[in-house]
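Notes for the one structure printed next.
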Amino acid sequence: MTTKRALVEVRGLKKYFPVHRGMFRRQTVQVKAVDGVSFDVFEKETLGLVGESGCGKSTTGNTILRLHTPTAGTVHFDGTDLASLQGEKLRQMRQHIQMIFQNPYASLNPRLTVGQIVSEPLRTFKTEMSKSAREEKVQELLKLVGLSPAFINRYPHEFSGGQRQRIGVARALALDPAFIVCDEPIAALDVSIQAQVVNLLRELQEQLGLTYLFISHDLSMVRFISDRIAVMYLGKIVEIAEKKTLYQNPLHPYTQALLSAVPVANPKVERRREQIILKGDVPSPANPPTGCNFNTRCPLAVERCFVEEPELRELEPGHWGACHLAE
């Protein structure tokens, strides 16, 4: 049993988006973007959330932070259920939970200076701060993320993608949050810049004691930054484990296929390595399969997989999986 304290506890989280059609805009189906997700994020750790595009990773992060209203389930942050908060109580809780967005070109207001962007949370929540105190805080934040305080009066278009993402990180840190959702923060950056941003996030975590949910489809980068990894497929968590355990002994067929697609730097090892090729396409979240949602592509599927949904259970100490055949 782990002795770590769970800062964020997600239980049975669902987010369905209704689809309306016809002249009278009647609801015809629901897109099950997140369909019964449960996991913990321990204090001062990084939980990586990985999966194919469209599997519900970003929707999970957005729903945890209440950028989307959950359809069902609970999200407890430090003992408080975020899913049930409304109005001023939810607004005040946002000081402690922040997000670093995927696209640094779209997430920064082009009409505001860097100083205005980073100080916006301070102006919203720290109304007692004087203008000079806010400016001093912004300069400290810029230094913290590796930018010159002299940039305070510049506009976003004057910066590179990596610098813009550092501005986004500074804005997320303005209110000293405990928990940050990093929604594919390096996906829109050049490969040469990605490592710099990830190293910055690790340094900030050590320095400030931050807790991260790091969402990405880059398995190599997730392995580098994460303590534990959760694998998601078609709106559900299929496996959770410590990163070393997951990469050395993946138990779910989908995780095995994902990891087999990650190239190895050693050509001799790469030639001998077996690659698992999944057949078919990912089913629509508006019409997921009956039973295990991976059964249409799983090379090991048996009759039980088509009629009974597998439960996410602890297969080994600290290693959870949702597969009937995993032992």
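The values are calculated or read from the model by the stated rules, or taken from the named source; none is laboratory data. What you see is a predicted model; the values in this text were computed from it and never measured. No Cβ is skipped: glycine too gets one built from the backbone with ideal geometry, and neighbour counts run over all protein chains shown.
The figures follow:
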| quantity | calculated |
| --- | --- |
| Pick from the range 70-93, criterion part of a loop (DSSP other than H, G, I, E, B) and free of Cβ contacts under 8 Å to residues at least 24 places away in the same chain, ranking: surrounded by the most Cβ atoms within 10 Å (Cβ to Cβ) | LEU85 |
| From the options ALA257, ALA230, residue that is of a type in the set (Gly, Ala, Ser), under 24 Å from TRP320 (Cα atoms), in contact with a strand residue (DSSP E or B) (Cβ under 6 Å, 6 or more places away or on another chain) and not in a loop (DSSP other than H, G, I, E, B) | ALA230 |
| Among the residues listed as VAL118, VAL138, the single one being closer than 28 Å to THR59 by Cα, of a type in the set (A, V, I, L, M, F, W, C), part of a helix (DSSP H, G or I) and modelled with pLDDT of 95 or more | VAL118 |
| Top-ranked residue of the range 205-236 - restricted to ones that are closer than 11 Å to LYS44 by Cα and hydrophobic (A, V, I, L, M, F, W, C), ranked as surrounded by the most Cβ atoms within 10 Å (Cβ to Cβ) | LEU213 |
| Some residue of the range 145-154 being in a helix (DSSP H, G or I), touching a Phe, Trp or Tyr at 6+ places or on another chain (Cβ under 9 Å) and under 16 Å from LEU65 (Cβ atoms) | no |
| Subset tally (residues that are touching a helix residue (DSSP H, G or I) at 6+ places or on another chain (Cβ under 8 Å), modelled with pLDDT under 95 and closer than 30 Å to PRO283 by Cβ) for the range 187-216 | 2 |
| Qualifying residue in the range 264-282 (condition: buried (at least 18 other Cβ atoms within 10 Å of the Cβ), free of Cβ contacts under 8 Å to residues at least 60 places away in the same chain and either in a helix (DSSP H, G or I) or among the basic types (Lys, Arg) (or both)) | no |
| Hey, ASN295 out of contact with any Asp or Glu (no Cβ under 6 Å at 6 or more places or on another chain), among the polar types (S, T, N, Q) and modelled with pLDDT under 90 or not | no |
| Selection status of THR74, among the β-branched types (Val, Ile, Thr) and over 30 Å from PHE224 (Cβ atoms) | yes |
| Test: SER53 is farther than 25 Å from VAL145 by Cα and in a strand (DSSP E or B) | no |
| Filter result for VAL191 (of a type outside the set (Ser, Thr, Tyr) and either closer than 22 Å to GLN95 by Cβ or touching a residue at least 40 places away in the same chain (Cβ under 8 Å) (or both)) | no |
| Some residue of the range 8-15 being farther than 23 Å from GLY54 by Cα, in a strand (DSSP E or B) and aliphatic (A, V, I, L, M) | yes |
| Meets criteria (over 19 Å from LYS279 (Cβ atoms), free of Cβ contacts under 8 Å to residues at least 60 places away in the same chain and not aliphatic (A, V, I, L, M)) for LYS244 | yes |
| Filter result for HIS319 (farther than 21 Å from GLY56 by Cβ and at pLDDT 95 or above) | yes |
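Listed here are the residues, each with its yes/no results for (1) under 27 Å from the mean Cα position of the chain (by Cα); (2) hydroxyl-bearing (Ser, Thr, Tyr); (3) on the phi > 0 side of the Ramachandran plot.
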| site | (1), (2), (3) |
| --- | --- |
| PRO121 | yes, no, no |
| PHE125 | yes, no, no |
| VAL145 | yes, no, no |
| SER148 | no, yes, no |
| ARG154 | no, no, no |
